Every structure is written in structure tokens, then in C-alpha cells.
Amino acid sequence: MASGESPGLMASNAPDFCQPFGLPVLQVSSEEEEWLTNQALSNSLAHLVVSADRVDSESFNVTGSVAGRNSETPPLIVMTPRSGWWQCASERGAGLACWLEVMRTMSRSRPYRDIIFVATSAHELGLLGLDDFLERRPSLVQESHVWLHFGADIGMETRFSGTDHELQSQTSTVLNASGVKPATPAHVGDTVGAESQEIARAGGRVAAIVGHSPLFHLEADRWPEAIDPEAISKVSNAFTNLALQMSGE
């Protein structure tokens, strides 16, 4: 039963998409829970036939960059996933809005170091978009200055992390200054957000932020009801200021 905090089918990701295992799984909406439970209690018989074909398809990441005054210095990376379930207004729209605002501001500034922007696809399928991005740039994690990551549901029940005390403190300071409340820090060494966890495991410095929505992975995650523009703008302002700091000397 694919149950979330609100009625509907809360779709589950497939982190082992490239190496599937076990029996086929049928995801069923929570709205069918009572009926299915009654059928199970009455020992009703069911016949499930699974037929599936794998079809090649193509997805894409969106990347961009702002040239710094000194391209010899380690770059700043700003990332967010661009794919999601259903309309994903809160899950992905909020993070993409913040990502674009950081890009807009940095394109008008004169950063000291290069800034690389990436919005990855296939978050739901084992982070394939991030894997492709890094495979094309095998030394980027070790050679980068800092990664900033916008995770899911930005602007709602904020949690954030930094891979070291200094980065955690800097992130906390900009969030407080922009009025992002509540904002709960993870323990230093713990990283929020799947993509940022991959970067941290590879040795990168990451400041990451995520939220929590009762409509997470549900079809009801639609604009405008699912989002809080004012809360999103506060996070956007905070991480724009953090990007300005991280892009300097």
C-alpha cells in the first residue's frame, strides 16, 4: 500500500533501477486500503499478471555556468533535481525556483570563482542524472570548493546540513538572517538530500536544504495549493546570500 500523509498513491522511487531484484511490486493508492484489507481478511483469491517491457528513452540534465574572475580556483556548484512524481509543484518546483534565483543573481554579480549549475534528471531511478553528470566530470567533486543543494519540498518544515562545522554555521546564519523558521540542523556529518549525500560520500563539501510536505509524491502536489511562495522566497534569499559568500575569495 503506497500510503502518504494524505490520501492517494504515494509513489515510491526505484533506487535499484539498474539492478532490480525480488518480486514485482504493485503500488496501490491508500484510498483502496479498506477494500483491500477486507478482501485479505475474507481470504479472497486474486490473480495478478505482470507484463512489462523495457523501452529505451532519453532524459536530460540542465546545466549552466557563470564565469568567475579567477577560473583557476575551485568552482562553486549549485544543484537540484528536476524530475519528480506527478506535477511535483512543491517537491521540485520550489527547489527549481530557488536554483534559478541563485543563477539570476550570480549572473549579475562578478564572482571570484566559476559557478556551475546543474538540475539533474532521474532522481527517482537511482540518481542516474547525477551519475551521468559526475561521470562526465570525474574530478569535479574533489576539485570543487562547495556544493549547494536544494532538495525536495523547499520552504516547508526546513531541515539543513553542512558537511563540516564551518559550513553548517554559515548555512544556519543565512537562514536565520532571512527569517527561515523553523530550520532544524542535522548533526554535523549527517547530510540531508540524496544527491548531496552522494557528494558528501565522495569527499565533497556540501550545504544542503530540504523540507517536508504532506503531499510528498502524491498527485495532489499541484500549484498553487501545495506551495508557500513567501517561505520559498526566504529560502531563496538565504541560499543566494550563501552562494555570494561561497563564490568569493
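Going by the structure shown, is THR73 closer than 26 Å to GLU195 by Cβ, in contact with a Lys or Arg (Cβ under 7 Å, 6 or more places away or on another chain), hydroxyl-bearing (Ser, Thr, Tyr) and in contact (Cβ under 8 Å) with a residue 12 or more places away in the chain? Yes: the conditions hold for THR73. Within the span defined as segment 58-79, every residue fails to be crowded, with 21+ Cβ neighbours inside 10 Å, in contact with a helix residue (DSSP H, G or I) (Cβ under 9 Å, 6 or more places away or on another chain) and either modelled with pLDDT under 95 or aromatic (Phe, Trp, Tyr) (or both).
Counting only helices (runs of 4 or more DSSP H) that sit wholly inside segment 108-216, those with at least 2 residues that are out of contact with any helix residue (DSSP H, G or I) (no Cβ under 7 Å at 6 or more places or on another chain) and surrounded by 18 or more Cβ atoms within 10 Å (Cβ to Cβ) are 128-135, 165-177, 194-201.
Residues to consider are GLU249, GLU219; find the one that is farther than 28 Å from PRO75 by Cα, in contact (Cβ under 8 Å) with a residue 24 or more places away in the chain and surrounded by fewer than 24 Cβ atoms within 10 Å (Cβ to Cβ). First the steps, then the outcome.
On the way: GLU249 fails: farther than 28 Å from PRO75 by Cα.
Criteria check complete, one pass: GLU219.
Given the structure, is LEU242 touching a residue at least 40 places away in the same chain (Cβ under 8 Å), under 22 Å from VAL102 (Cβ atoms) and not small (Gly, Ala, Ser)?
Considered against the rule, which asks whether it is touching a residue at least 40 places away in the same chain (Cβ under 8 Å), under 22 Å from VAL102 (Cβ atoms) and not small (Gly, Ala, Ser), LEU242 comes out as yes.
The values are calculated or read from the model by the stated rules, or taken from the named source; none is laboratory data. What you see is a predicted model, and the numbers here were worked out from it, not measured in a lab. Positions of Cβ are generated from backbone atoms using ideal geometry, with glycine treated the same way; all protein chains shown enter the neighbour counts.
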